[in-house]
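The structure appears below as structure tokens.
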Amino acid sequence: MSEKEQRLLDPGLLPETLWDAASETLRLPPAIARAYRTLIERHGLQELAEAGGEKDSPVGGANRQETDKHFAQRFSTSVARAQLAVIDPKREVSRASNAFIQTLSGNHLCVTDAPCGAGAAAFAFLTTIAELRACDVVPRQPLNVHLIGAEISDKARDYAAEILAELRPLLEAQAIFIEAEFFPWDIIKRLSNTDLIYQMNCASVGNPKCLVVVANISGFLEKKEKRKAAQPQIEELFRYASRKDSLAIWIEPQMNKAIASGGIFSGIMRWIKESWHQYVRVNTDGDNPNPVLLSDCQFQSPLNPAKTHPVRLAVMRLDLVRSA
């Protein structure tokens, strides 16, 4: 059976609230688009949001100025990139989409989003599923999520908590119930990582399924030359998360620092081959044997619906299963 035939979410069923098939334009889930606009206005970030250009690539950081710029100018793009991985309207990243649809279908789930920033990736997944439920595309079964957001920026964690407060009533209307904790996390520091893993272990009690989300970190790791220092913490995170029904989705912009030879994804492949193979398996199900799947499209601006912006996705699915 081909990868296209194995799809759990038929792109032909996607509602217009998420995908304009005629123009091949992504629309952010209405709930998260509203929440983003609310926070931009609440914190007086309109001018900063409008100042960002297509070639700007703020990577975020620990201080308020870096956080505000990244949130104002890149939050919506990060949401669109994660949403693209879930709905896969062009049938290019099916095994990532299948993983999300299956994992977020219902029951109890522990989600670790590290680094979470203002929560773009995790909230994109959840609001996309909520919109699919609202439009009767997927079943509305109770989904109880323990969300752990790990992030170095205090202000980004504050934004994430504010956005969740805006989203919670809409998520609960679709039987998606969130218990969230946002923790300080420095990917370079071992003790900070140990604290995160402790929280993950506590949250995993009663939550048999585990999803680890790593999104949009290549800019920080490559620009700051932090990849080597971060590797032991990433390894530890995956090792402790590995068990039955556990997986990781790694999402990056489709840029050389992520997908080129020597980029972060080739680094992951090397780490798995050298030392992670006992608890991390690269999922290559389907017709496309490439471990990194690519997709791109335009998405409608949540601040100005008359404008569209490009979103380019590179995604890798990693099954956190123990082989020995």
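Along the charge dipole of the chain, Cβ charges K/R +1 and D/E -1, which of Phe71, Leu211, Pro29 sits furthest on the positive end?
Farthest along the dipole direction, towards plus: Leu211.
Within a Cβ distance under 13 Å of Ile40, other residues only, what is the Lys/Arg minus Asp/Glu net charge?
-1
Working out 0.36 nm times the residue gap between Gln102 and Ala175, then minus their Cα-Cα distance, what length gain in nm do you get to one decimal? Present the calculation step by step, with values, prior to reporting the outcome.
Values: separation 73, 0.36 × 73 = 26.28 nm, distance 1.60 nm.
24.7 nm is the gain from fully extending Gln102 to Ala175.
Using a 10 Å cut-off on Cβ atoms, rank the peptides 108-117, 234-243, 29-38 from the highest mean neighbour count down. Present the calculation step by step, with values, prior to reporting the outcome.
On the way: 108-117: 23.3, 234-243: 19.5, 29-38: 21.1.
So the order, starting with the most tightly packed, is 108-117, 29-38, 234-243.
Work from the charge dipole of the chain (Cβ charges, +1 for Lys and Arg, -1 for Asp and Glu, about the Cα centre) and give the residue of Gln199, Ala118, Gln233 farthest towards its positive end.
The residue sitting most towards the positive pole is Gln233.
How much length is gained on full extension from Glu50 to Thr25, taking 0.36 nm per residue of separation minus their Cα-Cα distance?
Here the segment from Glu50 to Thr25 would lengthen by 6.9 nm.
Can you tell me the FRET efficiency between Glu236 and Arg64 if r is taken as the Cβ-Cβ distance and R0 is 30 Å, rounded to the nearest 0.05?
Working from the Cβ atoms, E equals 0.50.
Kirkwood-based Rg over Rh for the stretch 16-119 (C-alpha set), two decimals?
Using only Cα positions, Rg/Rh for the stretch 16-119 is 0.99.
Add +1 for every Lys or Arg and -1 for every Asp or Glu among the other residues with Cβ under 12 Å from the Cβ of Cys202, and state the total.
-3
Using a simple charge model, +1 on the beta-carbon of Lys and Arg, -1 on the beta-carbon of Asp and Glu, nothing else, what dipole does the chain show about its Cα centre, in debye to the nearest 20?
700
Report, in deg cm²/dmol and to the nearest 500, the calculated mean residue ellipticity at 222 nm for the chain, where each DSSP H run with n ≥ 4 adds -39500 (n - 2.57) and the sum is divided by the residue count.
Per the formula, -13000 deg cm²/dmol.
If r is the Cβ-Cβ distance from Asp158 to Thr194 and R0 is 22 Å, what FRET efficiency results, to the nearest 0.05? Could the numbers behind the result be given before it?
Details: r = 24 Å, r/R0 = 1.09.
After rounding, the FRET efficiency stands at 0.40.
How high is the relative contact order of the stretch 4-319, given as a whole-number percent (alpha carbon pairs under 8 Å, six or more residues apart)? Provide the component values of the computation, followed by the final result.
Details: 574 pairs, mean separation 64.3, N = 316.
Dividing the mean separation by the residue count of the stretch 4-319 yields 20 percent.
Once you've got the Cα coordinates, tell me which of Lys69/Lys228; Lys155/Lys226; Lys209/Lys307; Lys69/Lys244 are over 30 Å apart.
Pairs exceeding 30 Å: Lys209/Lys307; Lys69/Lys244.
Bear in mind these aren't lab numbers, they're just calculated from the coordinates by the rules spelled out. In this text, all values refer to a predicted model and were calculated from it rather than measured experimentally. Quick reminder, even Gly has a Cβ in these numbers, built from the backbone with ideal geometry, and neighbours come from all protein chains shown.
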